[in-house]
1. Please go through (1) without any contact (Cβ under 8 Å) to a residue 40 or more places away in the chain; (2) part of a strand (DSSP E or B) for Ala261 and return the number of the only condition it doesn't satisfy.
2. Is it the case that some residue within the stretch 295-313 is within 27 Å of Ser244 (Cα to Cα), part of a helix (DSSP H, G or I) and over 22 Å from the mean Cα position of the chain (by Cα)?
3. Residues to consider are Leu212, Leu237; find the one that is on the phi < 0 side of the Ramachandran plot, surrounded by 18 or more Cβ atoms within 10 Å (Cβ to Cβ) and either in contact (Cβ under 8 Å) with a residue 60 or more places away in the chain or of a type in the set (Lys, Arg) (or both).
4. Quick check: anything in the stretch 79-86 surrounded by fewer than 23 Cβ atoms within 10 Å (Cβ to Cβ), part of a helix (DSSP H, G or I) and among the acidic types (Asp, Glu)?
5. When you check Leu63 against the structure, is it of a type in the set (A, V, I, L, M), more than 30 Å from Gln334 (Cβ to Cβ) and at pLDDT 95 or above, yes or no?
6. Taking helices (runs of 4 or more DSSP H) that do not extend beyond the stretch 130-235, which have at least 1 residues that are in contact with an Asp or Glu (Cβ under 9 Å, 6 or more places away or on another chain) and within 20 Å of Ala247 (Cβ to Cβ)?
7. Just one of the numbered conditions (1) of a type outside the set (Gly, Ala, Ser); (2) closer than 21 Å to Gly20 by Cβ; (3) out of contact with any Lys or Arg (no Cβ under 6 Å at 6 or more places or on another chain); (4) surrounded by 14 or more Cβ atoms within 10 Å (Cβ to Cβ) is not true of Arg339; which one?
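The values are calculated or read from the model by the stated rules, or taken from the named source; none is laboratory data. Computed from a predicted model, the values in this text were never measured in an experiment. Positions of Cβ are generated from backbone atoms using ideal geometry, with glycine treated the same way; all protein chains shown enter the neighbour counts.
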Amino acid sequence: MSQDAWRLWLSRGALPLWSGIGFDTARRLFHERLTFDRRPIHLPELRLMVQARQISTYCRAQLDGFCPTAGQALDCLHEVERRYWRSDDAPGWIFSLGPDGRPADRRRDLYAHAFILFAYGWAYRASRDDAYLAVARETALEIDRIFLTGGGGYLDTVPPADTIHRQNPHMHLLEAYLVLFEVSGELFYLEHARDLVLLALEHFILPGTGMLLETFNSAWAPLQAAGHNRVEPGHLLEWSWLFSEFARLAPRAAEVPAVLAARDRLADTAITCGVDPDRQVVCDAITEDGARLEESTRIWPQTELMRILARRARDGDARAATALTRLSGNFFEQYAPARLRGGWIDRLDVHGVSLTDHMPASSLYHIYGGAVDFILGR
């Protein structure tokens, strides 16, 4: 599919769908799910992470000229701040909100905190209101106080559910810090981003490989025996993108040569080991030996691969350009068919049959990120 087709699908399909039917005007919050025939699914709890993803996406969409939705997103952020931040009289953000507008799950979750930071970065960029930077800084300081461990990295949740360390929330925290550094110029965020980059280079990636593991014990050693550790090709692609962003924003950092080498290894590994050669889709999981662990495919790794291929195609890689065209066509044939009118199927089994009975709002963040890099040539 062409860039024009993507632009049309976003501006007349996906973005209006979730800012319209997908937004609860009474609660001033986004719905988490829609049915395939575009009806809201009312859940007992609304997670902070989903609200933050939607807010950031709609701020970006206005900045990129797709739709004038930043006002709605900022109005939602005001409500989210009021309902989720310190609403149980403790530092940090609650995990989810109940239908009565009160805290439902009071856990502090690093993944959710990363995305609310990300949302504040984009809210500032869309509004230039310094109040958003002030809340972002307070939240970043709370993250250090609540989650930071003595052995490097952060706890996943407080109170902890287990002793496992996971790379995923650290990845999204890096993403948030990079955005906040870019919009504010504050070295505080770049220093935090650098710490996370070094953590990834030292612990997440197996030495000399392009395999980045998902889970670790409390000492940052692989959680499972060799050959049995989970690797998600979609996350290899996300880390590859973030390493590019770190190098772009801190080109003189001493770590940049190692970061760029890791960037290329991760993307190459995801493409070589994570893409099914017959279906031409990114599978959900492999082991660190490259064996297929899950044949199912979610929508978001496809868009993360689009983002990498688009960048390589702009650099003159003809094979990447061909793969990008094929992947774009697959997206609309398999995951976002015309009958869904701007909606999507989140996960398919090996036979191409949907494994879900609804459309999750959380996918839009990934879809938009991949699409806009393809359309606008970022």
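1. (2)
2. The initial filter retains those residues of the stretch 295-313 that are within 27 Å of Ser244 (Cα to Cα), namely 297-313.
This time we only want the ones that are part of a helix (DSSP H, G or I), so: 299-313.
Next cut, over 22 Å from the mean Cα position of the chain (by Cα) only: 313.
Yes; the residues of the stretch 295-313 include at least one that is within 27 Å of Ser244 (Cα to Cα), part of a helix (DSSP H, G or I) and over 22 Å from the mean Cα position of the chain (by Cα).
3. On the way: Leu212 fails: either in contact (Cβ under 8 Å) with a residue 60 or more places away in the chain or of a type in the set (Lys, Arg) (or both).
After ruling out the rest, the residue left standing is Leu237.
4. So in the stretch 79-86, the residues surrounded by fewer than 23 Cβ atoms within 10 Å (Cβ to Cβ) come out as 79, 81-83, 85-86.
After this cut, where a residue has to be part of a helix (DSSP H, G or I) as well, the list is 79, 81-83.
Then keep just the ones that are among the acidic types (Asp, Glu); that gives 79, 81.
Yes: one or more hits.
5. Numbers: of a type in the set (A, V, I, L, M): yes; more than 30 Å from Gln334 (Cβ to Cβ): no; at pLDDT 95 or above: yes.
For Leu63, the condition - of a type in the set (A, V, I, L, M), more than 30 Å from Gln334 (Cβ to Cβ) and at pLDDT 95 or above - is not met.
6. Details: elements: 130-147, 167-184, 187-199.
Ranges flagged: 167-184, 187-199.
7. Of everything listed in (1) of a type outside the set (Gly, Ala, Ser); (2) closer than 21 Å to Gly20 by Cβ; (3) out of contact with any Lys or Arg (no Cβ under 6 Å at 6 or more places or on another chain); (4) surrounded by 14 or more Cβ atoms within 10 Å (Cβ to Cβ), Arg339 misses just condition (4).
Residue-by-condition table, conditions (1) acidic (Asp, Glu); (2) in contact (Cβ under 8 Å) with a residue 40 or more places away in the chain; (3) farther than 19 Å from Phe30 by Cβ:
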{"position": "Cys67", "(1), (2), (3)": "no, yes, no"}
{"position": "Ala73", "(1), (2), (3)": "no, yes, no"}
{"position": "Asp88", "(1), (2), (3)": "yes, no, yes"}
{"position": "Pro103", "(1), (2), (3)": "no, no, no"}
{"position": "Ala112", "(1), (2), (3)": "no, yes, no"}
{"position": "Trp122", "(1), (2), (3)": "no, yes, no"}
{"position": "Ile164", "(1), (2), (3)": "no, yes, yes"}
